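Please read the structure below before turning to the comments.
Computed from the coordinates by the stated procedures, all read-outs in this text should not be read as laboratory data. Values in this document were obtained by computation on a predicted structure and should not be read as measured data. Positions of Cβ are generated from backbone atoms using ideal geometry, with glycine treated the same way; all protein chains shown enter the neighbour counts.
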Amino acid sequence: MKNISILGSTGSIGLQTIDVVREYKHKFNILGLSTNQNIDLLEKQIHEFKPKAVCVMKEEKAKILKERLINNNTKVYTGINGLIEIATLENLDLMVNAVVGTIGIQPTISAINKQIDIALANKETLVSAGFLIMKLAREKGVKILPIDSEHSAIFQCIQGNQNNTISRILLTASGGPFRGKQKEDIAHITPKEALNHPTWSMGEKISIDSATLINKGLEVIEAKWLFGIEVEKIEVVIHPQSIIHSAVEYEDGAIIAQLGEKDMRVPIAYALNFPYREKNSFLKLDFITIGKLTFEKPDFKTFEGLNLAFEAIKMGGTTPAVFNAANEKAVELFLSGDISFLDIIRLIEKTMVSHKKIAQPTLEDILNSDKWAKNYVTKLVK
Ligand SMILES: NC(=O)C1=CN([C@@H]2O[C@H](COP(=O)(O)OP(=O)(O)OC[C@H]3O[C@@H](n4cnc5c(N)ncnc54)[C@H](OP(=O)(O)O)[C@@H]3O)[C@@H](O)[C@H]2O)C=CC1
Ligand SMILES: CC(=O)[C@@H](O)[C@H](O)COP(=O)(O)O
Ligand SMILES: [Mn+2]
């Protein structure tokens, strides 16, 4: 039995992780769960899995849940300290980080310090603090197992090839709901249109990131840290069918790709069962039904956010943290109807220009830069 905690168990990845646990009931025991505020769903999960402890980020919601669980053995925590508690519970073997945004940084670092392996969906954590996290994980001998579909694909393609040099990573992208559009076509699109992802069903924030192609920018940075590869060797390829989840080219010209249905439970199950592949009931890919797979160059002119991501990682230091934080805040403002779709990019750019980079940041510098960038974007919009 592997003891796991799921941070963000009420979200898209969280729920699919729960599904994976149901699929392999005999293999996993849930010790901890967490939500931002969805206590109704968390309560159902508590009754099903009887975890030792849960965290409800919002204090007022945590209070209500505590009252509902008066005769229950599950402990209810709240706030960032509560989230860290769930990430570091005694006897935990694996922490699944499925929260959205940089709130995931501190629990990840705390779990690594306790030598708990991480299954990581929360890409913002690596984009912002990748250098510190990967260094700490190496020092503590902790595994960071990717859940993000492209990174899981790359991770699968490098198994058994660790002694060979990668010449190129082919990072696939669906192109999002506005693939093929010009800037003027997307200037006035609504959140509903932007949330309509062509191939995946995901949480709101990542869906908007896919629409701006910033998701791919975040993923380039995530891949750099996870696989220790220069960004110059990462090529973004638009692949509208989302069947090839990414590929790795070696020096001899051989390209190894990972393919599969558009089902996040496959990379989640791989991370949870690593290094084993366990049988499951998930839908399998049928080549004949797919017919053909196509590829295109990304449109950097329309989707400038992708350029900004490359710029941010080349600048290094606290710049990727600022790029990420400005995006997080701008996406929130777009979803609440306060700014337009193209404002997302304008706000990130302005924030990056005004930022005074710290070249060798500590964790505190990164958390401060994150806070600064989010406040800066808020002020720009007021
Ligand atoms: N969805 C997908 O298919 C994929 C997602 N990812 C990445 O995985 C991560 C999660 O994405 P996704 O599942 O789509 O997101 P969702 O928005 O669906 O879920 C996020 C989860 O985190 C909780 N949460 C949100 N804000 C906070 C906060 N401030 N403090 C504590 N908990 C919080 C939510 O609680 P509540 O329910 O109360 O809102 C929810 O449980 C993201 O980093 C995303 O980029 C990567 C690849 C694919
Ligand atoms: C499922 C997954 O991993 C997402 O990150 C997905 O890749 C988003 O689709 P885009 O390729 O459109 O960004
Ligand atoms: Mn992805």
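Here the Kirkwood formula puts the hydrodynamic radius of the stretch 142-281 at 15.9 Å, using every distinct Cα pair.
Could you state the orientation-averaged shadow area of the convex hull built on the Cα atoms of the stretch 275-380, in nm² to one decimal?
Result: a mean projected hull area of 11.5 nm².
Label separation (Lys2 vs Arg346): 4.7 nm, computed from points 7 Å beyond Cα along the C-beta direction. Convex hull volume of the C-alpha atoms in the stretch 234-320, normalised per residue: 179 Å³. Placing dummy labels 7 Å off each Cα toward the beta-carbon, the span from Asp252 to Thr165 is 1.5 nm.
Considering every Cα-Cα pair within the chain, what fraction, in whole percent, is farther apart than 35 Å? Value for the chain (Cα pairs over 35 Å): 22 percent.
Length gain on complete extension for the stretch Lys379 to His26, per 0.36 nm per residue less the alpha carbon to alpha carbon distance?
Going from the current span to full extension adds 122.0 nm.
Computed over the stretch 196-245, the P(r) curve from all C-alpha pair distances, binned at 5 Å from the origin, holds 5, 18, 25, 25, 17, 8, 1 percent per bin.
Charges on Cβ only, +1 for Lys and Arg, -1 for Asp and Glu, centred on the Cα centroid of the chain; of Asn97, Thr289, Ser152, which one is farthest towards the dipole's positive end? My answer, from the dipole projection, is Asn97. Charge dipole (Cα centre; +1 on Lys/Arg Cβ, -1 on Asp/Glu Cβ; no other charges) of the stretch 151-315 amounts to roughly 300 debye. Across the stretch 2-146 the C-alpha pair distances fall into 5 Å bins from zero in the proportions 2, 11, 22, 25, 19, 13, 6, 2, 0 percent. Placing +1 on each Lys and Arg Cβ and -1 on each Asp and Glu Cβ, with no other charges, gives the chain a dipole about its Cα centre of roughly 640 debye.
The length gained on full extension between Lys63 and Lys50, counted as 0.36 nm times the residue separation minus their Cα-Cα distance, comes to 2.8 nm. Here's how it looks for Asn29: its modeled amide H is under 5 Å from those of Lys2, Asn3, Ile4, which are all 5 or more places away or on a different chain. Positive-end ranking of Gln37, Ala53, Val21 along the dipole of the stretch 15-159, with charges on Cβ about the Cα centre, is headed by Ala53.
Around the amide H of Gly175, modelled in the peptide plane, lie the amide H atoms of His239, all under 5 Å away and 5 or more residues distant in sequence or on another chain. Calculated [222 nm] ellipticity per residue, helices only, for the chain: -14500 deg cm²/dmol; basis is -39500 (n - 2.57) per DSSP H run with n ≥ 4, divided by all residues, nearest 500.
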